[in-house]
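So the structure is just underneath, and the comments pick up after that.
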Amino acid sequence: MSILVKEVTKLYGTQKAVDNISFSISKGEIVGLLGPNGAGKSTLMKIITCYKQQTAGEVKVCGFDVLENSIEIRKRIGYLPENNPLYLDMYVKESLEFVGNVHKVKNIKKRVQEMIEITGIEREQHKKLTALSRGYRQRVGLAHALIHDPEVLILDEPTSGLDPNQLVEIRGLIKRIGETKTVLFSTHIMQEVEAICDRVIIIDHGKIKLDDSLSNLLGKASQSIEQLFHRLTAN
């Protein structure tokens, strides 16, 4: 089991950002966490990646508990937050080497070149990050998340703000990465789920409204994913 979330709640004062959520994700799955803004997606991802602690419940990643073994989890997880944290004054290769050295990656020069090829940033590799388009910055963020060869990849709104061409390219890249990694990504875009994921978890007001495979949903539902989403998240 790559990710186990069991009866997890997160309180901010009296507000429940995450409300008694449970699910598990097996190795090799690509799972879309679908929900409107403010549904609790980012909070849940920050708990899984050890950036926030849950108020109650249990979370394990690759068999390690987030409260007891956060260092071991960080070694095994790649995380791209919603606000891609880049040092814009760095050059692309310099930035990748910096992150790789933080993770103590061996043969760093070779690994950086591999990441440049995998994420398709060959033409941009000699530029400063500040000179890159948003789409290429997202690719660099993905390269940062992948450079230490993690078992699990967590992506928070990875295509937010991209133009249509960039959307297609980044979706294809995530799909290819998912052939060898466990991927959990959040989005509020229905087409994203249909284009990338094997399974959908719909979350709203901190609660899971639906958890099913994409093939089941498309095969059994008399309505589209978009119609189902709006029905489940209607007030």
For this session: Working from Cα positions, state the angle (0 to 90°, nearest 10) between the long axis of helix 92-102 and the longest principal axis of the chain.
Result: 70 degrees
Seminar exercise, completed: Per-residue Cβ contact counts at 10 Å, fewest first, order HIS126, HIS103, HIS230 as HIS126, HIS230, HIS103
Problem set entry | Label zone at LEU218, where the point sits 7 Å out along the Cα-to-Cβ direction: segment 173-207 residues whose backbone N lies under 11 Å | 193-199
Problem set entry | Label point distance in nm, THR55-GLN191, each placed 7 Å from Cα along Cα→Cβ | 3.8 nm
Problem set entry | In segment 115-144, the trypsin sites (Lys or Arg not before Pro) that fall in loop regions by DSSP, at most 16 other Cβ within 10 Å | LYS127
Exercise. Using the count of nearby Cβ atoms within 10 Å as a rough guide to exposure, how do THR187, THR14, THR130 rank from fewest to most?
Worked result: THR14, THR130, THR187
Exercise. Taking the Cα centre of segment 61-203 as origin and charging only Cβ (+1 Lys, Arg; -1 Asp, Glu), how large is the dipole, in debye to the nearest 20?
Worked result: 520 debye
Exercise. Not counting the cut sites, what is the longest span of the chain without GluC sites (Glu not before Pro) that DSSP labels loop and that have at most 11 other Cβ atoms within 10 Å?
Worked result: 69-178
Problem set entry | Cα-based helix-to-principal-axis angle, 108-118 vs the chain, degrees rounded to 10 | 60 degrees
Exercise. Mean residue ellipticity at 222 nm from the helices of the chain, using -39,500 (n - 2.57) per DSSP H segment of n ≥ 4 over the full residue count, to the nearest 500 deg cm²/dmol?
Worked result: -10500 deg cm²/dmol
For this session: Specify the inter-centroid distance of segment 125-193 and segment 21-53, based on alpha-carbon positions, in whole Å.
Result: 16 Å
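All of the numbers you see were taken from the coordinates with simple rules; none came from a lab. Not measured: the values here are computed from a predicted model. As a convention, Cβ positions derive from the backbone with ideal geometry for all residues, glycine included, and neighbour counts pool all protein chains shown.
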